Amino acid sequence: MEIRPYATDILLTAVLIVSTLFLVFHYTQDPAVAAAASLMMLSIGGLFLSMHAKVRKLEDDMLVRERMIRTGLEEISSRMVQKYDAARAHLDDLVAELSRRAYR
């Protein structure tokens, strides 16, 4: 897993934790409360990172499916063109044969 796409989220999670530490220490001066609040903010930041990773995976899966569908449609389109050309050639042969029989 690449870290570069998640760098902003990781940085914002770190800022969230540090600001929580400063805020809690400023109001309570209790290390247990500060640690609990920091763990809470760390879990929220981890949740955001996890959600971001899942959304990115869904986007990648959608792109792969889109490519597969596009490839399938192009293949179907080329087969339909071949069938159309074969049917048209067959009809041209039939019309030519009927024309020859009509002029005999």
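Read-outs: derived from the displayed coordinates by stated rules, not from any lab. Remember, it's a predicted structure, so these values are computed and weren't measured experimentally. Glycine also receives a Cβ, built like all others from the backbone with ideal geometry; neighbour counts cover every protein chain displayed.
Quick notes on this one:
- Labels on offer are [x] 50; [y] 65; [z] 75, and the one holding percent of Cα pairs over 22 Å apart computed from this structure is [y].
- Backbone HN-Hα couplings from phi across segment 29-42 [Karplus 6.51/-1.76/1.60, Hz, Gly and Pro as x]: 6, 9, x, 5, 5, 5, 5, 5, 5, 5, 5, 5, 5, 5
- Helical content alone sets the calculated 222 nm signal of the chain at -33500 deg cm²/dmol, taking -39,500 (n - 2.57) per DSSP H segment of four or more residues and averaging over every residue.
- Length gained on full extension, His26 to Gln82, computed as 0.36 nm times the residue gap minus the Cα-Cα distance: 12.5 nm.
- Extension gain (nm, one decimal) between Met51 and Tyr6, 0.36 nm per residue minus Cα-Cα: 15.1 nm
- Computed over segment 4-103, relative contact order equals 23 percent, with contacts defined as Cα pairs under 8 Å that lie 6+ residues apart.
- Label-to-label distance for Ala102 and Ile44 is 8.4 nm, based on points extended 7 Å past Cα in the beta-carbon direction.
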